[in-house]
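**Student:** I am attaching a structure below and will ask some questions about it afterwards.
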Amino acid sequence: MAALIDIASWALILGGVAFSLIGAYGMIKLSDVYARMHAASLIDTLGIGLIFIGMMLQAGFTIVTVKLVLVLVFILFTSPVATHALARAAINEDVLPVVDTETERQMAASNKTKSSEFGT
Amino acid sequence: MLQAISLAAALTAFWVLLSGYWIPLILCLGAASILACVYIARRMEIIDHEGHPIHISFQGITYFPWLLKEIVLSNIAVAKAILKGGSAIRPQVLQVPASQRDALGQVIYANSITLTPGTVSIGIDEGVITVHALMDETADGLRTGDMNARVCRLEGDPDPRRIAGGGQP
Amino acid sequence: MMYAAAAAGTAVCMLLVLARSIAGPNIFNRILAVNSFGTLAVMLIAIYGFLTGRPEFLDLSLVYALINFIGTIAVTKFVTFVGMGEGVERDDMGDI
Amino acid sequence: MSVDVISSDLLNVALLVFMGITAVAVARLRNLFAVVMLSGIYSLLGATLYVVLDAVDVAFTEAAVGAGISTVLMLGTLALTTSREKATPTARARTAMALSVAIGAVLIYATLDMPLFGDPSAPINHHVVPRYLDESLEETGVPNVVTAVLASYRGYDTLGETFVIFTAACGVLVLIGRPRRRKTDGTGASKA
Amino acid sequence: MSAYAFPGLANYWIAIVLMMIGLYVVMAHENLIKKIVGLNIFQVSVFVLYISMGKVKGGPAPILADNITIYSNPLPHVLILTAIVVGVATTALGLALIVRVNEQYGSIEDDDIRDLENAE
Amino acid sequence: MMHRKIILRIVSKQLIPFILLFALYVQWHGDFGPGGGFQAGVIFAAGFILYGILFGLGTLRRVLPSWFTRLCLASGVLIYSGVGVAAMLMGGQYLDYDVLSDDPVHGQELGILLVEAGVGLTVFAAMVTIFCAFAGRDRVTPRKN
């Protein structure tokens, strides 16, 4: 049983590390900031998620597991918000995504906040 | 008021999960801290049905496992695309309808979109979410509207007690 | 052993993300990199706790995650206000 | 030596090297936004390093204060001033470089006498610390030695620090606490 | 035990190098915010130096628990803990001064300010 | 009211009470694990700073008026020094917590708790004060010359 749990957490942790590495590699390789956001969310979701689940298996039913769950929930809760805020800030500063067609650019640009509605 | 009580309950659960000490002194301090937090939250006027959504708690049982499955699948897809590079990646912008009734539902939808790798919501407007997608595959997955329908179901019967500022256009 | 491997992998990820945050090219890439870096730091702290056999200090990870979030929000907010170069009208500075 | 000790030592050196990379980048970049972001990363790396060096309380503080609050404050200052730096005159840079290399060489020479990293027999570990470690639990009933020393054994010290923080906050209030009075004669800088 | 001395003095050396980078930034750059960042770098590396001295190999964090006999040295931790908070307080004071300097002179470059002083 | 910042606002509304409670947890558990007044004060302030960033400085000041933060700023220091004075009144030396209670160990625990509370209060108030001072300042355009 213990060996089984060990194998499972090995697999999960290595999987998490692999996803994080791919995400970090994507941050280097992809072309613009919007594309890199997808790579970053690889780290924020499965990267950290699998590693934490692997460690939860090792910790068993203790307060450590509870705290791991709390950290994981917090990250899953906040990382899309941070990413979205970043995307909004980029659009507001006229950093638009690199896309194929002009209509798509327009679509992205149409989300720019008008200065009049800024403060409210 | 109901929401304040529910917030207090949630905070108590949070405290118990964090603390793990059952000394009287710590318990008293904990109770005082929880009351203080509820008081401050009331002062900040952040206890409302957006700030503390009790109406969706039970619907989430089916939604979140589904979301987790989607996250895993799109993680694998994006990881493959990054490793393959070149033609696999075609960044694009699309707009999808968000037919949730109130703001909270739209926020859940937008956050679910962002949480799934391969799609990032870059703008949210009345009923429309602008999405940046990394590949055709993830974009098409979003165009089917499956997630949208599920978030609608998550909201269930929309709460009639919508307060001002909740979701009026 | 398992944790040592995980820590090594996380350190490599940190190096890559650090390279992105130094290379830029614009401020948004840097913010994104800093945000990911924070997540990696959270991971590293948790792994290190298990590596040394004292995993009770996960409150630290929670603080890192929290500060990372608040920091990112603050930065995006300030970037929009300051503008990249030319001054933005700042009538609503109260809303930073 | 177990693999855990070796890997934590490696991690320690790796984090220090990352800090070095970040510091060099801070010195070279001229976009102040980037500089502030990198100094946030630098603090975060420092905090992670403290965890690796077993100073969990310090890491806690550094993460909250160094990486969080001071980054926000620096961004606030940038918002109130400017976000680009002018080029540095090379003569000055060269003098500064020579001076810092010289001072660094002297300091490194001074470390040659120091006990090795992590040596349990170093003098620092034999002076007052054994007493703290052995008796603080019986004397104060607090398992966290850092808290016990901070609040009880070195209570005067911490009182002083609290006063410093109080004074600093007062100072900030005096300097920029009040909104600027609009000048009508046009001598001061005008509002944007 | 003594045969394995991997970081040896390297920890102190790297900390000193970091310190000198901070010093260089403070001395070489005219921009006041950059100077503050340089001071921060200097400060953090001093902290690292202190904490490195307090580390005892194989000794975990100084939070007493049963079945652990050797701990890292808590004294540097206490000193640095308070120093960090004081550091941010003084940083805030410095930044407030910079804001005032900018309001008075319209610049945060040291040499500009000196020129303005001389012109008056 | 339906604004594009809505995601930030809704999520922060949900998070802020938990951040504040976490800060208080750190404050009271400083005896057992990492944490204590310095850290708790900063995290507590961070909760308010997040609120101020998202909802505006005016709203923050309505929730937390400036007289109140100044009061906290001073009373934290006062609590700390007051503990010392109380120890003197009860027959000990300044900041000697042994005499605060019949049992010296219990007295130490009480003293440490109170002192940490004072530190936390001061740090919290100082951070909020400093943040509000920076955020409430108007920007000036550089003089052209």
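**Student:** Can you tell me which residues in region F:31-67 are under 27 Å from F:Gln108 (Cα atoms) and hydrophobic (A, V, I, L, M, F, W, C)?
**Tutor:** Keep residues of region F:31-67 that are under 27 Å from F:Gln108 (Cα atoms), which gives F:31-44.
Hits for region F:31-67 are F:Phe32, F:Phe38, F:Ala40, F:Val42, F:Ile43, F:Phe44.
**Student:** I would also like to ask the following. Just to be sure before I move on: is D:Val65 of a type in the set (A, V, I, L, M, F, W, C), in contact with a His (Cβ under 9 Å, 6 or more places away or on another chain) and under 28 Å from E:Ala61 (Cβ atoms) in the structure I sent?
**Tutor:** So D:Val65 does not fit the description; no.
**Student:** Oh, and also: Filter the helices (runs of 4 or more DSSP H) completely within region D:25-82 down to those with at least 1 residues that are acidic (Asp, Glu).
**Tutor:** The qualifying helices (runs of 4 or more DSSP H) are D:56-61.
**Student:** Can you tell me which condition D:Arg92 does not meet? The list is (1) of a type in the set (Lys, Arg); (2) over 23 Å from the mean Cα position of the chain (by Cα); (3) modelled with pLDDT of 85 or more, and all the others hold.
**Tutor:** Result: D:Arg92 passes all but (3).
**Student:** Criterion first (at pLDDT below 90 and closer than 21 Å to E:Ala65 by Cβ) does C:Gly94 satisfy it?
**Tutor:** It is false that C:Gly94 is at pLDDT below 90 and closer than 21 Å to E:Ala65 by Cβ.
**Student:** In region A:88-99, is there at least one residue being at negative phi, at the interface with chain C (Cβ under 8 Å from one of its Cβ atoms), at pLDDT 90 or above and in a helix (DSSP H, G or I)?
**Tutor:** No: region A:88-99 contains no residue that is at negative phi, at the interface with chain C (Cβ under 8 Å from one of its Cβ atoms), at pLDDT 90 or above and in a helix (DSSP H, G or I).
**Student:** Then there is this: Can you confirm whether region F:106-117 contains a residue that is touching a residue at least 40 places away in the same chain (Cβ under 8 Å), under 20 Å from D:Gly171 (Cβ atoms), out of contact with any Cys (no Cβ under 6 Å at 6 or more places or on another chain) and crowded, with 17+ Cβ neighbours inside 10 Å?
**Tutor:** From region F:106-117, those touching a residue at least 40 places away in the same chain (Cβ under 8 Å) are F:109, F:112-113, F:115-117; that's our starting set.
Now narrow it down to the ones that are under 20 Å from D:Gly171 (Cβ atoms): none.
Checked against the condition, which is being touching a residue at least 40 places away in the same chain (Cβ under 8 Å), under 20 Å from D:Gly171 (Cβ atoms), out of contact with any Cys (no Cβ under 6 Å at 6 or more places or on another chain) and crowded, with 17+ Cβ neighbours inside 10 Å, region F:106-117 yields no hits at all.
**Student:** Go through (1) surrounded by fewer than 24 Cβ atoms within 10 Å (Cβ to Cβ); (2) at the interface with chain B (Cβ under 7 Å from one of its Cβ atoms); (3) not polar (S, T, N, Q) and name the single condition A:Tyr34 misses.
**Tutor:** Of (1) surrounded by fewer than 24 Cβ atoms within 10 Å (Cβ to Cβ); (2) at the interface with chain B (Cβ under 7 Å from one of its Cβ atoms); (3) not polar (S, T, N, Q), only one is false for A:Tyr34: (1).
**Student:** Let me ask another. Could you list, in sequence order, the residues of region B:88-133 that are within 8 Å of another protein chain (Cβ to nearest Cβ), aliphatic (A, V, I, L, M), within 17 Å of the chain's Cα centre (by Cα) and assigned to a strand (DSSP E or B)?
**Tutor:** Residues satisfying the conditions are B:Val120, B:Ile122, B:Ile124.
**Student:** While we're looking at this one, here's another question. Among (1) at pLDDT below 85; (2) among the small types (Gly, Ala, Ser); (3) under 15 Å from the mean Cα position of the chain (by Cα), which single condition is E:Ala61 missing?
**Tutor:** All conditions pass for E:Ala61, except number (3).
**Student:** Same structure, new question: Consider F:Gly37 against the criteria (1) under 13 Å from the mean Cα position of the chain (by Cα); (2) more than 24 Å from A:Phe74 (Cβ to Cβ); (3) away from chain B (no Cβ under 13 Å): it satisfies all of them except one. Which criterion is unmet?
**Tutor:** (2)
**Student:** Any idea which of A:Met55, A:Met1 is farther than 16 Å from C:Ala11 by Cβ and buried (at least 24 other Cβ atoms within 10 Å of the Cβ)? Before you say what the answer is, go through the steps one by one.
**Tutor:** Working: A:Met1 fails: buried (at least 24 other Cβ atoms within 10 Å of the Cβ).
Residue meeting the stated conditions: A:Met55.
**Student:** Here's another thing I want to ask about it. C:Ala11 - would you say it is out of contact with any Ser or Thr (no Cβ under 9 Å at 6 or more places or on another chain), more than 7 Å from every other protein chain (Cβ to nearest Cβ) and small (Gly, Ala, Ser)?
**Tutor:** Taking the combined requirement at face value, the residue does not satisfy it.
**Student:** How do the pairs read when you match residues in region B:68-85 that are within 16 Å of A:Lys29 (Cβ to Cβ) with residues anywhere that are charged (D, E, K, R), using Cβ under 7 Å and keeping only pairs 6 or more apart or on different chains?
**Tutor:** What qualifies is B:Ile82/A:Lys29; B:Gly85/A:Lys29.
**Student:** Which helices (runs of 4 or more DSSP H) does region E:1-114 wholly contain that include 1 or more residues that are in contact (Cβ under 8 Å) with a residue 60 or more places away in the chain?
**Tutor:** E:32-54, E:74-105
**Student:** Does D:Ala105 qualify as being at pLDDT 90 or above, small (Gly, Ala, Ser) and not assigned by TED's automatic domain parsing to the domain that holds D:Leu10? Full working, then the answer.
**Tutor:** Working: at pLDDT 90 or above: yes; small (Gly, Ala, Ser): yes; not assigned by TED's automatic domain parsing to the domain that holds D:Leu10: yes.
Yes.
**Student:** Regarding region B:114-137, can at least one residue be identified that is in contact (Cβ under 8 Å) with a residue 60 or more places away in the chain and touching a Gly at 6+ places or on another chain (Cβ under 7 Å)?
**Tutor:** The answer is no, given that none of the residues of region B:114-137 is in contact (Cβ under 8 Å) with a residue 60 or more places away in the chain and touching a Gly at 6+ places or on another chain (Cβ under 7 Å).
**Student:** Restricting to region A:4-19, name every residue that is surrounded by fewer than 17 Cβ atoms within 10 Å (Cβ to Cβ), touching a residue at least 12 places away in the same chain (Cβ under 8 Å) and among the β-branched types (Val, Ile, Thr).
**Tutor:** A:Ile5
**Student:** Still on this model: Kindly indicate whether F:Arg61 is charged (D, E, K, R) and within 20 Å of F:Asp138 (Cβ to Cβ).
**Tutor:** When the stated conditions are applied, F:Arg61 passes them.
**Student:** So, one more: Of the numbered conditions (1) under 23 Å from F:Thr59 (Cα atoms); (2) surrounded by 18 or more Cβ atoms within 10 Å (Cβ to Cβ), B:Leu115 fails exactly one; give the number of that condition.
**Tutor:** (1)
The values are calculated or read from the model by the stated rules, or taken from the named source; none is laboratory data. Since the model is a prediction, treat every value here as computed from it, not as a measurement. Cβ sites come from the backbone with ideal geometry, for glycine too, and all protein chains shown count toward neighbours.
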